[in-house]
Amino acid sequence: MSNTFELEQAVLGAIILESRSYDNVSSVIKPKMFTDARHMAIYSVMEEMVSSGTQVDLLTLKSALSKANSLDKAGGVFYLTELTSRVASAANISSHAAVIVTGKQI
């Protein structure tokens with residue numbers, strides 16, 4: 001498993017745990033920058049949620065993914081829950097996002 005993959009998980013987990021974290025990365029990260037198809041699907045739905053004024057958390061994300069018929073594509077509920085365990089805090093989300101954008105390992 002690459003460091004970038006783990007950082008993608010950390011970024012998504014941070015957004016799920018602290019919705020405002022999305023604001024810290026949304027100007028630099030786009031869905032196509034994620035290396036994992038599940039992460040692309042999750043982040044795309046997060047973008048749509050925020051655009052429509054919906055706060056991102058585990059329950060609203062699950063609901064939005066289900067509504068978009070993307071829950072299975074995103075790895076299911078278990079994977080979403082697993083993402084939240086990949087991050088201790090959202091404090092480093094900007095530096096994690098920089099690795100996703102550049103593709104350079106830290």
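The values are calculated or read from the model by the stated rules, or taken from the named source; none is laboratory data. No experiment lies behind these values; they were computed from the predicted model shown. Neighbour counts run over all protein chains shown; Cβ positions are idealised from the backbone, glycine included. Please note that ligands, DNA and RNA were not included when accessible areas were found on the heavy atoms of the full protein model with its side chains. Shrake-Rupley method; radii C 1.70, N 1.55, O 1.52, S 1.80 Å.
Observations
- For the criterion of being open to solvent by 60 Å² or more (accessible area, probe 1.4 Å), polar (S, T, N, Q) and touching a helix residue (DSSP H, G or I) at 6+ places or on another chain (Cβ under 7 Å), residue 24 passes.
- Counted residues, region 29-40 - those being in a helix (DSSP H, G or I), open to solvent by 10 Å² or more (accessible area, probe 1.4 Å) and not aliphatic (A, V, I, L, M): 3
- Residue 19, sole failed condition from (1) hydroxyl-bearing (Ser, Thr, Tyr); (2) assigned to a helix (DSSP H, G or I); (3) open to solvent by 10 Å² or more (accessible area, probe 1.4 Å): (2)
- The single condition among (1) open to solvent by 60 Å² or more (accessible area, probe 1.4 Å); (2) part of a loop (DSSP other than H, G, I, E, B); (3) farther than 24 Å from residue 102 by Cα that residue 71 does not satisfy is (1).
- Tally of residues being open to solvent by 70 Å² or more (accessible area, probe 1.4 Å) and either in a helix (DSSP H, G or I) or touching a residue at least 24 places away in the same chain (Cβ under 8 Å) (or both) across region 41-55: 3
- In region 56-63 there is at least one residue that is over 20 Å from residue 102 (Cα atoms), of a type in the set (Lys, Arg) and free of Cβ contacts under 8 Å to residues at least 60 places away in the same chain.
- Which listed residue is assigned to a loop (DSSP other than H, G, I, E, B), at pLDDT below 90 and open to solvent by 40 Å² or more (accessible area, probe 1.4 Å), from 98, 91: 91
- Residue within region 38-60 that is on the phi > 0 side of the Ramachandran plot and either under 10 Å from the mean Cα position of the chain (by Cα) or modelled with pLDDT of 95 or more (or both) present: yes
- A search for C-beta distances below 9 Å between a residue of region 75-98 that is more than 22 Å from residue 59 (Cα to Cα) and any residue that is modelled with pLDDT under 75 and not in a helix (DSSP H, G or I), counting only pairs 6+ apart in sequence or on different chains, returns 95/106; 96/106; 98/104; 98/106.
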